[in-house]
Structures are given as structure tokens and as C-alpha cells.
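The values are calculated or read from the model by the stated rules, or taken from the named source; none is laboratory data. All values reported here derive from a predicted model rather than from experimental measurement. Positions of Cβ are backbone-derived with ideal geometry, glycine not excepted, and every protein chain shown enters the neighbour counts. Protein only, heavy atoms only, side chains kept; ligands, DNA and RNA dropped before computing areas. Shrake-Rupley method; radii C 1.70, N 1.55, O 1.52, S 1.80 Å.
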Amino acid sequence: MKKKILVTGGTGYIGSHTVVELQAAGYEVIIVDNLSNSNKDVLDGIEKISGIRPVFYETDCNDKSGLQNIFIEHKGIKGIIHFAASKAVGESVHNPLEYYRNNIVTLLNLLELMPEYHIEGIVFSSSCTVYGQPDILPVTEDAPIKPALSPYGNTKQINEEIIRDAIYAGLPFKSIILRYFNPIGAHPSAEIGELPNGVPQNLVPFVTQTAMGIRQELSVFGDDYDTPDGSCIRDYINVVDLAKAHVIAMNRMLEDKSEDNLEIFNLGTGRGVSVLELISAFEKGTGVKVPYKIVGRREGDIEKVWANPEHANKVLGWTAKETVEDTLITAWNWQNKLRERGIQ
Ligand code: UD1
């Protein structure tokens, strides 16, 4: 019998790509999502790729009894991958309480229910934002956690602490915390991808929408940073590569291979790419120009951060395989698919 996994936020960007990889690995997936930042059509995309339509509940993870019903209806869920969260840094500054409720109460609900339903492990979606501006690059998992620059960043730190305290208290489950760098791109089939609500806040959707003519011009936030070309540096990781790491993490917990009940891994490529380099990689890969102008720095931006992914490489046997150039082409193919469908 297939092992059942609950994926919260499974119709979202990283969630949907992970559902596809879980199904390919032989898991039965149950999605719970409140559709606050995604829509049901994503289920069609998942089904087109894998031939399997995952079970779907339109439920908010703040609704504990709603979650409980899912565990009762689907007896024997073995693991959870928890993506469901609000993620806009700027918005979190204006609506902090909403962020604390959405990102913290949801995790508490899941952790409280896990022992009752004998759920063995939870993979948690964290972020390199917990490192702030690291003193040493590339950044390793034992780098100090810096004070958060936004309520969003703070929720990720608090989530990590909650999981750590629960495990140290001896609660009967395991956890793997995955700290993502900057996920970009789309599934190679272009059936699923990133679908931002309104004006994109993240770089790559803004680049593809500008290339498509939806936005007039990309603003590059700052060219006076202490980096070779003056623009900020990030570690952009292919979303399918990232999704695959979740399957490995789940296998590891369910097959009892974890070295500790709590493990933490950076998921990045180990390569830093500047904003200006990313724009030129996009133009080179797609042959499409991206009009841009340099503007002032964006508040709260980190100057440069990229991962040391050796821990994940060695322990999980996982490596990011795709190049930024190829990944940007998948993002462009997805943008074209959205245009064909009349969405954007
Ligand atoms: C941010 C968060 C990260 C979070 C992610 C989710 C921080 C430090 N990082 O990532 O934790 O998981 O959002 O949304 O809080 N840029 C432009 N023009 C644009 C958009 C972006 O120049 O129109 C630049 C930014 O200044 C930055 C880079 O592109 O240097 C990447 O920005 P973005 O895609 O927003 O990701 P982060 O800010 O790195």
C-alpha cells in the first residue's frame, strides 16, 4: 500500500512541484490548502504531469478541527510536509498579526495533532532568511541566527524554535527543517509554476512578466552594494531540484535513517548570482530583452547570501542539478503557458 503524506500548501508554488515528485516516488498525497495564494486549477496541472489527481481539501490550517477531520478520514497518514504560510516580506510588516497567526498557529495545530494520529515526521519549509546577512559566505547550517528583519522572517525563526523545543521535549515524531535559498523556475512540462497574486514581489516572476510586456520595466533595487557589479547576490535554486529534496527528507524520516530526531539542511546550489547577472542569463537563454532601470535599495534586502550545500550533498545525497540559465527558460515557458491560457 502507498504511504500517505499530507502536504499543506500543496497547491502553492513549491508545494505543487513537491506533490508531483512525491507521487512519482510512490506516495499517496493529500493536499490541504486554503487557496489564499493559489487556485484549484493547479490540481489539473499536477494530474496532467503525474496522471494522478491528489485528494484535496480546501481547509485553512488554522482550523484545527478541520485538520483533525482529515486525519480521521485518511487513517494512517505517515508524514506531513508543511508549506502553508504567508510569505510576502513587505506585507508582513504591515499585517504582523495575520503573519503570526497564519505561520505559527498552523504549525502548532499540526504538531499538537501529530502524536494523536501517529504521524512519524514533519518536513518544515524554512528559509535562508533566518541567517540575515551572514558574516561568512557561503553560509553553513551552524551560522548564527540573526535578529529577523521582518515579521515574516521572525515567524520562520519562531517556527524552527517551536519544532526544536517539541523534539527536545520528547514528542514522538521526527522533523527535518529545510532552509531554502531562492527557489525559481517551473516544471519542465510548463503545467505548473509560480503564479503570483497581483504585482510580483519576487525577482523572477517580475522578470518574466516584464519580458512578456505585462510590466513596462523591471526595477533593479540598488547597484551600490559591495558586490562585483553592485547588485545583490542570491543563490537561485531550481524548484524541481528543491522539490526532490523533500522526497528524500521524507524517505529518510520514514525509513528511520535520520541521525537525529531533528535535522536541518540548507537547500541551495552554492553559487551566488547577482540581479544583473540573472537578467543577462535570462536574456541569453530566451533571446528576449528585459527592460530595466536601476533604482534605490529595497528596505530590508540582504546584500549577499549563498549556501554551502555540502551538508545536504553528503548526508541527503542531494545536489541541485539545474543551471540558472536552464531554470530561467522553464520560468519563461511557464509565463508563455499562462499567456496561452489567457491568465497573464
Ligand atoms: C525574500 C526573503 C526570503 C523569502 C522570499 C519569499 C529576505 C531577506 N528574503 O527573498 O526569505 O523566502 O522573499 O518571497 O527576507 N529584486 C529586484 N527587483 C524586483 C524584485 C527583486 O531588483 O522587482 C532583487 C532584490 O532586491 C533581491 C533579489 O532581486 O536582491 C531577489 O529578490 P526576491 O526574489 O524578492 O527574493 P529575496 O528578497 O531574496
Considering every residue within the stretch 279-293, establish whether at least one is of a type in the set (S, T, N, Q), surrounded by fewer than 20 Cβ atoms within 10 Å (Cβ to Cβ), part of a helix (DSSP H, G or I) and within 15 Å of the ligand (Cβ to nearest atom). yes
Just to be sure I understand the filter: pairs with C-beta atoms under 8 Å, separated by 6 or more residues or on different chains, first member in the stretch 218-238 and open to solvent by less than 10 Å² (accessible area, probe 1.4 Å) and near the ligand (Cβ under 7 Å from one of its atoms), second member among the polar types (S, T, N, Q) and not in a strand (DSSP E or B). Which pairs pass? Leu218/Thr210; Val220/Ser231; Gly222/Ser231
Which of the residues belonging to the stretch 178-209 are under 17 Å from His246 (Cβ atoms) and hydroxyl-bearing (Ser, Thr, Tyr)? Tyr180
Note on Phe71: of the conditions (1) away from the ligand (no atom under 16 Å from the Cβ); (2) surrounded by 16 or more Cβ atoms within 10 Å (Cβ to Cβ); (3) under 29 Å from Trp306 (Cα atoms), unmet is (3)
Looking only at the stretch 129-170, and only at residues there that are of a type in the set (Phe, Trp, Tyr) and open to solvent by less than 50 Å² (accessible area, probe 1.4 Å), the one that is farthest from the ligand (Cβ to nearest atom): Tyr131
Yes or no: the stretch 88-106 includes at least one residue that is in contact with a Cys (Cβ under 6 Å, 6 or more places away or on another chain) and more than 16 Å from the ligand (Cβ to nearest atom). yes
Scanning for something touching a strand residue (DSSP E or B) at 6+ places or on another chain (Cβ under 7 Å), away from the ligand (no atom under 12 Å from the Cβ) and under 30 Å from Phe265 (Cβ atoms), does the stretch 295-307 turn up at least one residue? yes
Looking at the structure I just gave you, is Glu259 within 16 Å of the ligand (Cβ to nearest atom), assigned to a loop (DSSP other than H, G, I, E, B), out of contact with any strand residue (DSSP E or B) (no Cβ under 6 Å at 6 or more places or on another chain) and of a type outside the set (S, T, N, Q)? no
First in the stretch 29-54 and in contact (Cβ under 8 Å) with a residue 40 or more places away in the chain, second anywhere and open to solvent by 40 Å² or more (accessible area, probe 1.4 Å) and of a type outside the set (A, V, I, L, M), Cβ under 7 Å, 6 or more apart: Val32/Tyr57; Asp33/Glu58; Asn34/Glu58; Asn34/Asp60; Asn37/Asn197; Ile49/Ser189
Do we find that Ser126 is within 16 Å of the ligand (Cβ to nearest atom), surrounded by 19 or more Cβ atoms within 10 Å (Cβ to Cβ) and in a loop (DSSP other than H, G, I, E, B) in this structure? no
